[in-house]
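The values are calculated or read from the model by the stated rules, or taken from the named source; none is laboratory data. In this text the structure is predicted, and so the values were computed from the model without any measurement. Here Cβ is always computed from backbone atoms with ideal geometry, including for glycine, and neighbour counts include all displayed protein chains.
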Amino acid sequence: MKKLFAALLTSLAVSFAGGVLADDKPVVPVDAPAVTAPADAAAEVKPVEVPVADARVTEPAPAEVAPAPVPNKGDNAWLMISAALVILMSIPGLALFYGGLVRSKNMLSVLMQVFAVFSLVTVLWVVYGYSLAFTEGNAFFGSFDKVFLKGVTPDSVAATWSKGIVISEFIYVVFQGAFAAITLALIVGAFAERIKFSAVLVFSILWFTFSYLPMAHMVWYWAGPDAYTSADAAAAANATAGYLFQHGALDFAGGTVVHINAAVAGLVGAYMIGKRVGYGRESFAPHSLTLTLVGAALLWVGWFGFNAGSALEANGVAALALVNTWVATAAAAMSWMLAEWVIKGKPSGLGAASGAVAGLVGITPAAGLVGVVGAIVIGLLAGVVCLWGVNGLKRMLGADDSLDVFGVHGVGGILGAVLTGVFASPSLGGAGIWDYVENKVADHYSIMDQVIAQATAAGLTIVWSAVVAYIAYKLVDMFIGLRVPEDEEREGLDITSHGESAYHH
């Protein structure tokens, strides 16, 4: 009985396996030999009717879509640190640098102006500034598409300088907003110790809107590297970029947008507000060179974020900008100090600090574009040329630019912008111009053509900023007045404008 039961089970198992194999036909390679059934079995084979509904239609596999680029955490981290370093440049760096240079009765007023302007511009940047500067519009202004950062989320990304590499857009918003804020804060040094606090704020709103934002858009707005897939696509992408970007101007971190732009506005303000009471007759010596040197040191450290952060990635270009910012600044501090030593017989702390800032300004447009030797040359020249800017040129201009904003930031910015065109040449160790269609350094670089493009950008910045600044100062003067009364100026703006004093003796 057991044998019979086992035989039945074996028979059922074989029958079941045969049915399964019949349903799941094996895939036969194309070059496999044909298998023929015996002739006597042909009659027993019956065709199997397969319902149409069960037939499988093979469709071509869809084309693979490249995944959207995802921000690298290292790049994001570097840009967050860089944004914080730029903020460090303004508060406390610039505030202390400027504050130490004025008389003690105006120390708090300068700190307040820098602090308040930084805060004001930060809010304006989020409300409409970022949108007008970094969205597609025309060659001079963006659009209102991202007002109040509309549509920007933690998942939004912004392009970098490399194809297929992005950063989180919120970080880019903060980084560029810190640039805008320090630019406005730079201007206050030109008319320190005599302007109304309310005038500073209203002027800042006007100039930010009509000078900073269009300059940032003209120089830095473009569709991003991924749009440059062919010559035709590149031409179409260029047509949507800012005016100076379209014309090939190079500005790695803000020589035109920040320094020349702010310096011209400051110089116009120095003319329109007039000289300080007692200028040329009374002593206007800095009240605390200690604070000025501390401020200069903070500026130097913060500037690494300003320049190296402008690579927008934690890569070799950022490292190059870091090295260039380090060495150009040191070279400028030495050249200013040594030149002053020769001219005046003694090297000064103020000269060393001023030279360092001149070097920082000079290397800014060139930081990631020139070689180390080019950076040293730019630094050495910035030190001596800006020394002339705050002495000889200042006397020629005849303006009371209180803290030498134009002599350092204007002269240094123009020098750096022009020399970028020279030392960016691959023949002089520079990076050249990147061809995004071929994704390599362009085969041809003309120093003369690039210098012309750089000089054009500097010239346009000077004219644009001057016109906007003049109109803005006029409007402010008409409605609220620019200058404090003479008795308040003599008493000091700390008490008369803010009811406080930086020091209690």
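Observations on the model:
- Qualifying positions in region 222-259 - outside any helix (DSSP H, G or I) and either crowded, with 24+ Cβ neighbours inside 10 Å or touching a His at 6+ places or on another chain (Cβ under 7 Å) (or both): 242, 249, 250, 251, 252, 253, 254
- Any hit, region 165-180, residues being under 27 Å from residue 483 (Cβ atoms) and buried (at least 18 other Cβ atoms within 10 Å of the Cβ): yes
- Of all residues in region 90-103, none are under 30 Å from residue 438 (Cα atoms), among the aliphatic types (A, V, I, L, M) and crowded, with 18+ Cβ neighbours inside 10 Å.
This table checks each residue for (1) of a type in the set (Gly, Ala, Ser); (2) part of a helix (DSSP H, G or I); (3) over 27 Å from the mean Cα position of the chain (by Cα).
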residue	(1), (2), (3)
407	yes, yes, no
413	yes, yes, no
452	no, yes, no
475	no, yes, yes
487	no, yes, yes
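- Of all residues in region 294-312, exactly one satisfies the criterion of being surrounded by fewer than 20 Cβ atoms within 10 Å (Cβ to Cβ) and of a type outside the set (Val, Ile, Thr), namely 297.
- Taking each residue of region 228-239 that is over 16 Å from residue 159 (Cα atoms) and looking for partners that are in a helix (DSSP H, G or I) and not polar (S, T, N, Q) with beta-carbon atoms closer than 8 Å, six or more apart or interchain, yields 233/227; 236/227.
- Any hit, region 169-189, residues being outside any helix (DSSP H, G or I), out of contact with any Phe, Trp or Tyr (no Cβ under 8 Å at 6 or more places or on another chain) and not β-branched (Val, Ile, Thr): no
Conditions (1) under 14 Å from residue 502 (Cα atoms); (2) in contact with a Ser or Thr (Cβ under 8 Å, 6 or more places away or on another chain), marked per residue:
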residue: 77; (1), (2): no, no
residue: 80; (1), (2): no, no
residue: 84; (1), (2): no, no
residue: 97; (1), (2): no, yes
residue: 108; (1), (2): yes, yes
residue: 111; (1), (2): yes, no
residue: 118; (1), (2): no, yes
residue: 122; (1), (2): no, no
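- The condition of being in contact with a strand residue (DSSP E or B) (Cβ under 7 Å, 6 or more places away or on another chain) and closer than 29 Å to residue 203 by Cα holds for only one of 482, 415, 475, 403, that being 482.
- Which listed residue, of 168, 156, 131, 143, is free of Cβ contacts under 8 Å to residues at least 24 places away in the same chain, closer than 30 Å to residue 440 by Cβ and not acidic (Asp, Glu): 156
- Region 424-464, subset crowded, with 19+ Cβ neighbours inside 10 Å and more than 19 Å from residue 364 (Cα to Cα), residue modelled with the lowest pLDDT: 436
- All of 322, 267 fail the test of being assigned to a helix (DSSP H, G or I) and touching a residue at least 60 places away in the same chain (Cβ under 8 Å), apart from 267.
- Residue 459 vs. criteria at positive phi and of a type outside the set (D, E, K, R): no
- Any chance residue 139 is among the aliphatic types (A, V, I, L, M), outside any helix (DSSP H, G or I) and out of contact with any Lys or Arg (no Cβ under 9 Å at 6 or more places or on another chain): yes
- Residue in region 270-293 that is nearest to the chain's Cα centre (by Cα), counting only those that are among the hydrophobic types (A, V, I, L, M, F, W, C) and surrounded by fewer than 19 Cβ atoms within 10 Å (Cβ to Cβ): 293
- Taking (1) under 18 Å from residue 257 (Cα atoms); (2) free of Cβ contacts under 8 Å to residues at least 60 places away in the same chain; (3) in a helix (DSSP H, G or I); (4) of a type outside the set (D, E, K, R) in turn, residue 124 satisfies each apart from (2).
- Residue in region 208-225 that is farther than 30 Å from residue 322 by Cα and either in contact (Cβ under 8 Å) with a residue 40 or more places away in the chain or more than 24 Å from the chain's Cα centre (by Cα) (or both) present: yes
- Per this entry, residue 442 is counted among residues that are without any contact (Cβ under 8 Å) to a residue 12 or more places away in the chain and touching a Gly at 6+ places or on another chain (Cβ under 9 Å).
- Contact map, region 403-423: residues that are within 11 Å of residue 190 (Cα to Cα) and without any contact (Cβ under 8 Å) to a residue 40 or more places away in the chain paired with residues that are not in a helix (DSSP H, G or I) and not acidic (Asp, Glu), Cβ distance under 7 Å, separation 6+ or inter-chain. Pairs shown: 407/390.
- Test: residue in region 390-399 that is in contact with a helix residue (DSSP H, G or I) (Cβ under 9 Å, 6 or more places away or on another chain) and in contact (Cβ under 8 Å) with a residue 60 or more places away in the chain: yes
- Among (1) among the charged types (D, E, K, R); (2) over 22 Å from residue 403 (Cβ atoms); (3) assigned to a loop (DSSP other than H, G, I, E, B), the one test that residue 193 misses: (2)
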